[in-house]
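What follows is a short report on a single structure.
The values are calculated or read from the model by the stated rules, or taken from the named source; none is laboratory data. Predicted model, so just to flag it, every value in this text is computed and none were measured. Here Cβ is always computed from backbone atoms with ideal geometry, including for glycine, and neighbour counts include all displayed protein chains.
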Amino acid sequence: MSRIIDRLKLVFLGAFVLSLVAIFGYHGYYVWPAERCEAQGDWWDPDGRVCARPVLISDITGRTIPERKAAEAAKARAEAAAAEAPAP
């Protein structure tokens, strides 16, 4: 009877270790990179696992933002992003 209990202990210990490896692997591959990306204020794409910096629509289209408050906020955000970007 004790052989069976010893084998069961090893099986459950192996299943526990395997589940720990799976959990840490998942967090290392999906969760932690997403948290780092979002902490920087960027956008995380889970499908492609890409961290992307948001681009203002007004920068692409050339249109102006009619609301003064929103325009000032967008300008401040763009200046902050430019200041954080490394020089080439």
Requested in this report: Within the range 25-66, count every residue that is at pLDDT 85 or above, surrounded by fewer than 12 Cβ atoms within 10 Å (Cβ to Cβ) and on the phi > 0 side of the Ramachandran plot.
Outcome: 0
Requested in this report: Could you tell me whether any residue of the range 17-34 is polar (S, T, N, Q) and under 30 Å from Ala80 (Cβ atoms)?
Outcome: no
